[in-house]
Amino acid sequence: MAKKKTPSKEGLAVMKTYKLFIGGAFPRTESGRYYPLRNESNELVANICLSSRKDFRNAVVAARKAQSGWGEKTAFNRAQIIYRIAEMLQQKEELFIREMKDLGYSDSKAENEFAASIDYLVHYAGWCDKYVQVFSSVNPVASSHFNFSVPEPMGVVAACASNKSALLGFLEACIPAICGGNTVIVLASENLPTCAISMSEVIATSDVPGGTINVLTGSREELLYQFTSHMDVNGFVIWDAESADSIAIGQYAAENLKRVKSYKSKEEPSLTPQRIMDLQEIKTTWHPIERISGAGSGY
Amino acid sequence: MAKTTKENKWELSPAPESTGHISIKKRYDLFIDGKFVAPSTKKYFDSINPATEEDLTQIALAGEKDVDKAVKAARKAYDTVWSKTSTAERGKYIYRIARLIQERAREFAVIESLDGGKPIRESRDVDIPLAAAHFFYHAGWADKLDYAFPNSDPKSIGVVGQIIPWNFPLLMAAWKIAPALACGNTVVLKPAETTSLTALKLAELIQDAGLPNGVVNIITGAGETGQALVGHSDIDKIAFTGSTEVGKMIRRSLAGTSTRLTLELGGKAANIVFEDAAIDQAVEGIVNGIYFNQGHVCCAGSRLFVEESVADEVVRKLKHRMDHLIVGDPLDKNTDVGAINSKGQLQTIENYLKAGQKDGFEMYQSKVAVPKKGYWCKPTLFTDVSQSSIISKEEIFGPVLAMQTFRTIDEVIDKANNTPYGLSAGVWTDKGSKIFNLTTRLKAGVVWANTFNKFDPSSPFGGYKESGFGREGGIHGLSAYLKLQD
């Protein structure tokens with residue numbers, strides 16, 4: 001039997017085809033369209049999928065299918081899975097730093113963003129089994145009832161990630177959402193999309209169930225209407241919305257009264273449970289308390 | 001004296017609440033900047049008693065100019081007085097309002113029943129005490145907001161525009177005004193055109209309380225007045241309770257502006273009865289769920305799901321109970337179901353009754369006599385309706401119950417959640433683990449287990465999906481009236 005050959009160092013590198021991430025699989029866009037991503041020297045970095053509205057609808061179907069399973073996982077389990085994403089990401093440091101530098105990041109900027117991304121994941125992993133305690137209440141109603149309020153996931157969230165960051169902006173668009181039991185469809189940064197797809201490969205190997213996080217690449221302008229008007233999307237988040245767009249967003253979102261949150265990109269990521277709560281509903285439950293000796297026991 | 005009927009059943013003698021102690025003016029002006037002022041439109045509209053169709057009073061119609069005047073008064077009060085009042089003092093004003101409502105509770109209850117048609121038993125035992133309780137509860141929050149939102153530096157928003165519906169007139173005013181004031185905002189409130197009276201009596205009471213001028217302004221009118229309020233450029237937040245249709249219009253019109261918005265909209269709640277429920281109590285809960293306040297309740301249990309094995313028993317007992325509901329004079333203390341709030345609403349309900357019959361569903365109406373004058377609808381039950389029929393999909397906002405049966409838990413959860421609404425739900429079973437399975441999986445903001453239609457100022461209320469966003473009441477309701485640091 002012939003000895004296995006290793007490729008020589010001078011051999012031609014194998015380039016990665018960047019695809020979408022829908023329902024745990026990596027399909028190309030159904031539209032067959034692409035846009036070229038070039039660096040500052042005008043060299044081709046990659047051809048990126050130009051997602052269509054059909055891709056988005058497929059992603060919503062996948063996200064909806066995955067939602068009850070993900071939302072009903074124990075908080076402890078979700079925490080471990082998000083921590084696992086950090087573990088998987090950590091060992092791919094070289095890949096992500098190279099991808100950021102390919103798109104014009106300086107060494108230090110890429111290293112800082114990578115380190116901040118790890119810290120971001122670890123921070124939110126910890127919130128999974130804590131925000132419910134922090135934001136729940138037992139309510140002292142003036143009748144013989146036990147009454148409590150707890151946050152619950154909204155359901156399916158669509159997100160337009162920041163265009164200003166390759167990796168951290170992507171994580172901000174999906175991690176608080178899934179931390180709170182939602183499933184999410186993220187439109188990656190249009191001009192810095194590669195890390196989002198590589199991150200999808202990390203997510204796919206971190207025990208995150210297929211469909212929990214779905215990633216599209218393409219044009220925000222083209223997809224904004226679909227993201228905001230889809231009747232089976234419960235929440236919509238966007239970074240750095242143009243003021244003209246925010247009128248359209250509000251009007252389209254009114255169709256099914258989806259909840260809208262609009263954020264501004266910042267240098268430092270927002271490490272706050274408020275980002276989780278932005279995508280939660282409060283549910284209040286009542287039950288009578290039987291007080292045999294007391295007054296006011298009711299059905 | 002009690003009398004017996006032919007079947008030798010005991011009937012209750014009339015027990016009317018007296019109206020001698022209340023005063024209603026012939027005409028009510030707008031309450032702006034602490035004073036009652038005539039509307040710029042010079043127009044007044046009639047407010048009638050829906051149980052007798054007689055005129056009660058005339059209410060000022062606020063135009064755009066009046067809205068502007070009210071918003072300016074609220075802005076001035078916010079800038080110069082209310083935002084500078086210490087939080088503890090703010091709380092004390094709100095406590096005063098709570099106490100004054102309690103002192104005048106019976107008067108408010110009678111007026112509420114006269115103006116809106118709801119049974120005095122409900123206005124006396126539910127609406128007015130809860131309205132007072134809302135002010136009392138929120139008064140105490142005024143100087144404790146930092147504890148409610150640690151690390152978030154809570155701050156007031158500014159001038160709040162509030163629009164409320166006609167089903168719980170004073171209670172809705174309290175739900176809106178109390179948290180807004182406790183969080184340091186000033187208010188322009190617009191009550192519904194058919195039920196402005198108790199809000200205007202509240203304005204008088206607010207004067208008596210010595211609340212600084214302009215902190216609360218109450219302007220009356222119909223949809224156009226509300227539209228002018230929503231469209232005013234100096235409003236920082238709109239809080240709306242009403243139909244999903246109007247809620248969506250408001251959402252659209254505020255798109256792209258910095259005006260904050262909370263919406264408490266329609267519902268089509270599932271009330272689910274399992275075979276292991278205490279059936280008699282469940283039947284009481286079904287009745288309370290749909291016939292309370294003539295079914296003019298956004299969280300009414302208007303879709304009944306009964307496990308197949310007990311369906312016959314539930315229907316038999318429910319019909320028996322329906323036949324014993326007393327429909328009639330809202331001021332009679334024995335009345336269970338009062339008058340439909342308006343002619344228009346009665347028409348809407350009757351159209352749904354026709355639609356249900358046209359679809360071929362069996363309709364049962366309680367065997368009771370209703371008065372000749374006024375707007376009345378007998379408690380109604382449609383059995384074996386289909387999931388996709390109009391009467392099981394659309395909010396009727398009347399005493400009309402649409403019933404279906406089910407066999408499995410997954411089936412009933414699917415059916416219950418298969419609606420664009422998500423305000424409330426009810427579950428009846430004696431098994432604790434089943435309750436929690438249901439209550440966690442039902443997509444609704446309020447879930448009543450082995451009870452229904454309970455409200456409390458400390459308990460957050462509000463919906464999922466197209467039932468609106470934001471909560472009212474409790475610690476969670478406060479955030480609707482605060483700026484919180486991210």
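No value in this document is a laboratory result; all are computed from the given coordinates. Treat the numbers as computed from the prediction; the structure is a model and nothing was measured. Because the Cβ atoms are built from the backbone with ideal geometry, glycine has one as well, and the counts that use them run over all protein chains shown.
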Here FRET efficiency (C-beta to C-beta, A:Lys266 to B:Arg99, R₀ 45 Å, nearest 0.05) is 0.45
Residue span B:Tyr147 to B:Ile326: 0.36 nm per residue of separation minus Cα-Cα distance leaves a gain in nm of 59.7 nm
Per the charge dipole of chain B (beta-carbon charges, Lys/Arg positive, Asp/Glu negative, Cα centre), the residue among B:Leu442, B:Leu12, B:Pro212 reaching farthest to the positive end is B:Pro212
Long-range alpha-carbon pairs in chain B, meaning those over 36 Å apart, account in percent for 29 percent
Helix B:105-116: inclination vs chain B longest Cα principal axis, degrees, rounded to 10, gives 70 degrees
quick note, the protein assembly as shown, DSSP beta bridge pairs, % antiparallel (nearest 5) is 40 percent
In nm², the average projected area of the convex hull spanned by the Cα atoms of segment B:270-449 is 9.8 nm²
per DSSP, antiparallel bridges as share of beta bridges in chain B, % nearest 5, sits at 35 percent
Placing each pseudo-label 7 Å from Cα in the direction of the beta carbon, A:Asp107 and A:Thr17 end up separated by a distance in nanometres of 3.6 nm
Mean separation of Cα contacts under 8 Å (at least 6 apart) over the residue count of chain B, i.e. the relative contact order in percent, is 18 percent
In whole percent, the Cα-Cα distances of segment A:96-201 spread across 5 Å bins from 0 upward as 2, 12, 18, 19, 15, 10, 8, 6, 4, 3, 2, 1, 1
In terms of the charge dipole of segment B:270-449, which places +1 on Lys and Arg and -1 on Asp and Glu at the beta carbon, the residue among B:Gln345, B:Pro420, B:Phe382 farthest towards the positive end is B:Gln345
For segment A:159-226, the Cα-Cα pair-distance distribution in 10 Å bins from 0, as whole percents, is 22, 57, 20, 0
The rounded separation in angstrom of the Cα centers of segment A:2-72 and segment B:419-434 is 42 Å
In whole angstrom, the spacing between the Cα centers of segment B:132-152 and segment B:37-54 equals 36 Å
Hydrodynamic calc, chain A: Kirkwood Rh from Cα pairs, then Stokes-Einstein at 4 °C with viscosity 1.567 mPa s, so D in µm² s⁻¹ is 63 µm²/s
Among beta bridges assigned by DSSP with both residues in segment A:108-254, the antiparallel ones amount in percent, to the nearest 5, to 15 percent
With +1 on the Cβ of every Lys and Arg and -1 on the Cβ of every Asp and Glu, the dipole magnitude of the protein assembly as shown about its Cα centre, in debye rounded to the nearest 20, is 320 debye
Summing -39500 (n - 2.57) over every DSSP H run of at least 4 in chain B, dividing by its residue total and rounding to the nearest 500, the 222 nm mean residue ellipticity is -11500 deg cm²/dmol
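Kindly provide the helix-only [θ] at 222 nm of chain A, computed as the sum of -39,500 (n - 2.57) over DSSP H runs of four or more divided by all residues, to the nearest 500 deg cm²/dmol?
Details: 10 runs with 119 residues, N = 299.
Result for chain A, helices only: -12500 deg cm²/dmol.
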Expressed in nanometres to one decimal, the distance between label points 7 Å along Cα→Cβ at B:Lys155 and B:Glu204 is 4.0 nm
The Cα radius of gyration of segment B:384-466, divided by 2.2 N^0.38 Å with N its residue count, comes to 1.12
Given unit charges at Cβ for Lys, Arg (+) and Asp, Glu (-), the dipole magnitude of segment B:270-449 about its Cα centre in debye, nearest 20, is 560 debye
Its Cα gyration tensor gives the protein assembly as shown an equivalent ellipsoid whose semi-axes in whole Å, largest first, are 51, 31, 22
